[in-house]
1. What residue, among those in the stretch A:162-191 that are at pLDDT 90 or above and not small (Gly, Ala, Ser), is most open to solvent (accessible area, probe 1.4 Å)?
2. What's the number of the condition A:Ala323 fails, among (1) over 17 Å from A:Gln163 (Cβ atoms); (2) open to solvent by 20 Å² or more (accessible area, probe 1.4 Å); (3) modelled with pLDDT of 90 or more; (4) in a helix (DSSP H, G or I)?
3. Somewhere in the stretch B:74-86, is a residue part of a helix (DSSP H, G or I), in contact (Cβ under 8 Å) with a residue 60 or more places away in the chain, within 14 Å of chain A (Cβ to nearest Cβ) and more than 29 Å from A:Leu39 (Cα to Cα)?
4. Can you name the number of the only condition in (1) open to solvent by 40 Å² or more (accessible area, probe 1.4 Å); (2) under 20 Å from B:Ser44 (Cβ atoms) that A:Ala52 fails?
5. Go through B:Glu69, B:Glu58 for me and flag whichever is of a type in the set (D, E, K, R) and either without any contact (Cβ under 8 Å) to a residue 12 or more places away in the chain or in contact with a helix residue (DSSP H, G or I) (Cβ under 6 Å, 6 or more places away or on another chain) (or both).
6. Can we say A:Leu478 is modelled with pLDDT of 75 or more, in a helix (DSSP H, G or I) and surrounded by 14 or more Cβ atoms within 10 Å (Cβ to Cβ)?
7. Working only within the stretch A:444-460, note down all residues that are open to solvent by less than 50 Å² (accessible area, probe 1.4 Å) and either at pLDDT 75 or above or not hydroxyl-bearing (Ser, Thr, Tyr) (or both).
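The values are calculated or read from the model by the stated rules, or taken from the named source; none is laboratory data. These numbers were taken from a predicted model, which means no experiment stands behind them. For neighbour counting, all protein chains shown are included, and Cβ atoms are generated from backbone atoms with ideal geometry for every residue, glycine included. Side chains are part of the model used for accessible areas, which takes the heavy atoms of the whole protein and leaves out ligands, DNA and RNA. Shrake-Rupley method; radii C 1.70, N 1.55, O 1.52, S 1.80 Å.
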Amino acid sequence: MSAVGRARKWVRAVAMRGRMEREMREEMQAHLTQAAERLAARGMSEHDARFAARREFGQLGAIEEDAREARGGVWADNAAADVRYALRYFLRTPLTAITIILTLALGIGFSSAVFSTLTGILTRPAPGVPDDPALVKIRGIVGARPAERLLSYPELSAYAALQDKFASVVGWASAAVVIDAGDRDIGAFTARAQFVTPNYFRTLGIRLADGRTFAQSGFAELAPAELTAVVSEAIATERFGGARGALGKHVKVNDVEVTIIGVAPHRFAGVVQSGETRMVWLPLSAWPPVANVNDRAFTDANAASFDAAARLQPGVSVSDAMAAVRVVAARENATTNAQATPASAASADVVPLRGIIEIGQYADEMGPSQIVFPAIALLILLVCTTTVSSLLVGKAVGRRHEIGVRLALGASRWRVIRQLLTEVFILSLVGGALGLWVFGALLRLVEVRNDGFDVSPNWATTAFMVVYAIATATLAGLSPALHATRVGLSHVLKDTSSATTRRSRLQGTFVIAQIAIAQPLMVVLAAVIINIAGKIPPANVVGLRERIVVAELDAYIGSALKAPDRMPALVQRIGELPGVVSVLPVGRGQGRSALELSQSSAPGDSAAPRFRSVASAYDVPPGYFRTVEAPIVRGREFVASDTALSVTPVIINEQLAASLFGSSDPIGRRLTRALLDNGLRDQPPRELEVVGVVRMETETNSLGYPSDFPPMFVPYERRPADGRLLIRTAGPAESLIPTVMSVVRAEARLVPVRRIGTLGQGDRERRGSRIEVAGSVAGGGMIALLLAAIGLYAMVGLAVGQRRREIGVRVALGANTRDVVAMFFKGGLRVAMVGLGLGLPLSVVGLAILAQKTGMVWIQLPVAGAIVTTAVVTVAALASWLPARRAAGVDPMVALRPD
Amino acid sequence: MSSKSPSLLQGTLELIVLQLLRAEPTNGYELAQRIQAISRDVLSINAGSLYPALYRLEARDLIRASWQESKTGRRVKVYSVTTAGRKVLAEQRDEWSRFAGALAAILEVR
């Protein structure tokens, strides 16, 4: 019979099993009746005839069994029987079944999400970009320890000329732009524009969600300016209510009217992650009028603005293309960068087009954070697998009696193993289905937080989930099944525990390992929670913080257009609004600064100062402290002439004054300040003179996050691109925000409002997001502890089950039931303690890494350790005590009764 | 084909069943009776051999079954030979004739 025919038969055997069984019985019954009638016709009594017919026919059950086998599809019958048996068993022990299912669901869900995210980061292109091996990024690099650089238009054109390697090359120049959709309520908004070579969408194979791409299509089509745009899904939905609403709309991009002709596919935000979802793509010919660039941008080999991607010619490998690109890059470098040292030499390479290009291309681009994520996933996986395994071992050992009897009744060992495996497969099937749900929920979370990579399930993720579920089921199920069926009948029926001590010892090891793993995980999580909780602003914000609005305007984009600075007029107009007390332009903060008392400024003293304190520096104008009602306790506030002083005046808070100067008067003392943030470290230290001390614990008077360091203040000198305003009102400020927005729109149409809100709103937002983070971190820790507790519970429960006879003997000999319970309770607790002890060094290492990575203060860490140890001990005690209590319920009469 | 090598008896039983069903479609009980009658009680096939053989032939698509009303008005499962069954029957008959001829020749040896 052909394979197809056989498969059809199998399917029929499964699908029509019930009907075939019925028909078989009916047929054999008809046979018996006919035989009985024949015998009755020969003169037998009806009863005798029926009896003789039965005898003549043979053993009905055995014949049916043979007939079934001949018919084929016996395995389906057996599987159905196994499933029925398994379901009956789960109904008898629902708690174990549910626990295993939940554990598997968590394990499968979590590890699939991690797998999906990792493959999303490492191997998949950005959302909306086809997964095509022919697509590559041509990446400009510079220096021996390579950093990425942009390409000039001539260089880009040189790569496009490599037609034997690239079927097509695309390039794009990026810029922040202001888009005015003519919406009177919302006003202008900021977006990231990519001015792309017109072949961009076609070459990369990106299918628009709606509309069409540009009329221009050639790589080098630069004139006339085509003023059309493709917008991202985010812009289409937020501003036009969907793709349909966006198409055909005329919007002003940097005050140049542009027609929206297309909407990008779901989540597409460019081929390389930028973190921005409001994206707009315009043909390169629109670059000069919209971004105000001149012809030099297309001819100057030193004007680098472009990123590049390409489609390889069929049969050309990445390394072939790379070799050709290197030659071109070296030629370009020789003409534009003749004096280059190895540290500054420009080169280029070719890498597969991924959502996040940087990771994994160079060894030193892989930070430790890329290792922490998979490590956590591995821990979860390990914990889940050991828990499932120990639960199954416990279950199997608990069923030795039943299994022994089945073996004795003639069931083959394979039959019993198959039965046990069927149970595990059913459990992992249900667990896998639930895991799919967990997976989906986690992916939505990841998708919401990240724009650069695609995490939607693909064949690789699906294959991973299926393989993982099957592997877990087989690994976790096979070993207990083999062990359980190896037990001899006589052993089982005598209930000797010798065969099982090794097993329970193994399970003890599992639990110890689990607690040892779960504990450091939780210590680290608790430390993070405490750290976050410490920063949650108090909820009871009243008064002043509701009367201050911080508005952040994207003034710098307007300034790039060489438009006149609208901010002074804006400050004046807002100040004239009824209810507004004062309007202050404030700086964006200057980051972390290291401070040291100035030496007796001896000339030529080149010894590097030994810094004593770190502070967060803020630049604020005169009147700032009065506005935020922070009292100056010594010295004076800033005045307008402060920016002209040769030594910068500084106002510090009381804590900083105490740590720097102790009890002596700080006014007039000098400090040396070095900037600590990246990119500013190279600046030479500057001298400051203390002019005032303010009573203010942390600077929370902007919408930014409060710093861990005490604040220091320097005079603010406004630059045209600055756009942060502090607006103090007489009454509650929230109702004034729409009025402020409309003033901004009227006065400075092209200055988008990035953020606006009262300090109170900022506090609430911050609080909300921190509670959310703390909550999810705490949830992870709870799950880890729960899994360990389940393992411990299973272990103690198993020990009680195994030693029922021993308990019976003890109780019969007069042992107090309380002593018996205590014995098991202590046993469970002892295992937990060993786990805790082993986990301790891991915890210390985890905390050390955390302290080093986050700058978290060490004093919190012992607190976190103490809290977690208490929690673990409490949970362990509970997980031991609940099953230990069962020992008290053992009736010696029942336990000692021979089977 | 079944993976088990058919024993002589099994092969013979299948030949008998196919041959009789080709002559006249009938149900399991009648078939057993007919074998016994035609072989003048030499061959008595019990249900334990007959039904597995019928089911095996049906699974191999050599015979097919349909539910019909018998002469006594009872619902019975009537088997008939399929085209594939006829082909196999012809082959098996040839083989049997050759085998029987060979055996006869051997038994002629004095």
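1. A:Gln163
2. A:Ala323 satisfies all of (1) over 17 Å from A:Gln163 (Cβ atoms); (2) open to solvent by 20 Å² or more (accessible area, probe 1.4 Å); (3) modelled with pLDDT of 90 or more; (4) in a helix (DSSP H, G or I) except (1).
3. yes
4. (1)
5. That would be B:Glu69, the only listed residue that is of a type in the set (D, E, K, R) and either without any contact (Cβ under 8 Å) to a residue 12 or more places away in the chain or in contact with a helix residue (DSSP H, G or I) (Cβ under 6 Å, 6 or more places away or on another chain) (or both).
6. Answer is no for this residue.
7. Once the filter is applied, which keeps residues that are open to solvent by less than 50 Å² (accessible area, probe 1.4 Å) and either at pLDDT 75 or above or not hydroxyl-bearing (Ser, Thr, Tyr) (or both), the stretch A:444-460 yields A:Val446, A:Asn450, A:Asp451, A:Gly452, A:Phe453, A:Asp454, A:Val455, A:Asn458, A:Ala460.
So that you can scan it fast, the table gives a plain yes or no per residue for (1) touching a residue at least 40 places away in the same chain (Cβ under 8 Å); (2) surrounded by fewer than 19 Cβ atoms within 10 Å (Cβ to Cβ):
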| site | (1), (2) |
| --- | --- |
| A:Gln194 | yes, no |
| A:Leu208 | yes, yes |
| A:Val231 | yes, no |
| A:Ala236 | no, no |
